[in-house]
């Protein structure tokens, strides 16, 4: 052994005795080879440590990413998956590695994946698509990306990533809905203005004729019918103008709790006749806001009437107000115990003239007008159905079963401004979450 502990022929007695001949040359060559081999082994060990470290870093990175990641070989056998992939499909890594889609998914899904994946392996073209996956009563949107993996210039497999884009899709739908409502508002405003003038003329002439005919005559009765129907049309036009926000508004300081209580006082008796109770829970710390008191009272009346129509009889309506934690907005909720809203109708309820009520029980403009007034005040309105439990009042002494219910959620700014979409929506949180 030399001074570094390595084997060396230079210290061998045979080498020292036969120095200068072929044995010496052979010993020296062997010695150089041994030292080179030892250095190479050291380099390989360092490289192995570095590769092991990089592998751990890569594994940690893949496991902390929320995206689903999987690696398949050229036979579409799974060779690597991250924790998110295992968690989503509720499988252990050992249940996936060494398997194909036909061992994991339904035959239909596996066959669909197989044809897509083989196309990528054969053409080398990546695949990018968005899919919707049913998850209980909701849907989860994924952006799927599949790319070929190359080894020494040839395709040896493919890499799959799946990113949850549900929130992005929801914001896109909101944007489309908002643009649609603005377009409808402009159209409604134009139509209302065109109709308003001839309606006024008709109503004026009818009232003039009523002054000239005998009050007890058939002509007078017929004119009264025309007058009544003309006024109904005028109210519809007024609602259209309110929806399009082309009617005049006067904003002053408004006490939200008082304005809601005034409306409750108007409807409480009528609702009580059908055994529909109105429950209120007002936050006393809410300051006055800048708004049109009459228009806001119209909002509360529309929401309460809508809730009453949904219940019909035997139930309750719960209306609450709350000052949000950051003190920039007020949250108002109106919850009913009715049958709820079908999911296919959720995105239509604020559309003008959309109604699920029987013919003659409304024009379908109440919620459209409400939407327009809230937006004109810089606020937002949303709806959840069925109503989450935190919005419902615990009731134990009722014999009549209550429906799943609906909750309308309204946000109004404390000062005149438009609530930013990117901020956390207090309405989407429970009361406990809001307070914490």
Subset of the stretch 127-148, residues within 31 Å of the chain's Cα centre (by Cα) and either surrounded by 14 or more Cβ atoms within 10 Å (Cβ to Cβ) or under 18 Å from residue 74 (Cα atoms) (or both), comes to 127, 140, 141, 142, 143, 144, 145, 146, 147
Could you tell me whether residue 124 is at positive phi and either in contact (Cβ under 8 Å) with a residue 12 or more places away in the chain or surrounded by 11 or more Cβ atoms within 10 Å (Cβ to Cβ) (or both)?
yes
Of residues in the stretch 252-263 being surrounded by 14 or more Cβ atoms within 10 Å (Cβ to Cβ) and farther than 19 Å from residue 367 by Cβ, the one farthest from the chain's Cα centre (by Cα)
262
Test: residue 102 is out of contact with any strand residue (DSSP E or B) (no Cβ under 9 Å at 6 or more places or on another chain) and surrounded by 14 or more Cβ atoms within 10 Å (Cβ to Cβ):
yes
Against the condition more than 21 Å from residue 100 (Cα to Cα), assigned by TED's automatic domain parsing to the domain that holds residue 77 and in contact (Cβ under 8 Å) with a residue 24 or more places away in the chain, how does residue 130 come out, does it pass?
yes
May I ask you to verify whether residue 207 is modelled with pLDDT of 85 or more and not assigned by TED's automatic domain parsing to the domain that holds residue 316?
yes
Subset of the stretch 28-83, residues touching a helix residue (DSSP H, G or I) at 6+ places or on another chain (Cβ under 9 Å), within 28 Å of residue 114 (Cβ to Cβ) and in a helix (DSSP H, G or I), comes to 62, 63, 83
Quick count over the stretch 349-397, residues being at pLDDT below 80 and either part of a helix (DSSP H, G or I) or touching a strand residue (DSSP E or B) at 6+ places or on another chain (Cβ under 9 Å) (or both), is 3
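The values are calculated or read from the model by the stated rules, or taken from the named source; none is laboratory data. All values derive from a computational prediction rather than experimental measurement. Here the Cβ is made from the backbone with ideal geometry for all residues, glycine too, and neighbour counts use every protein chain on show.
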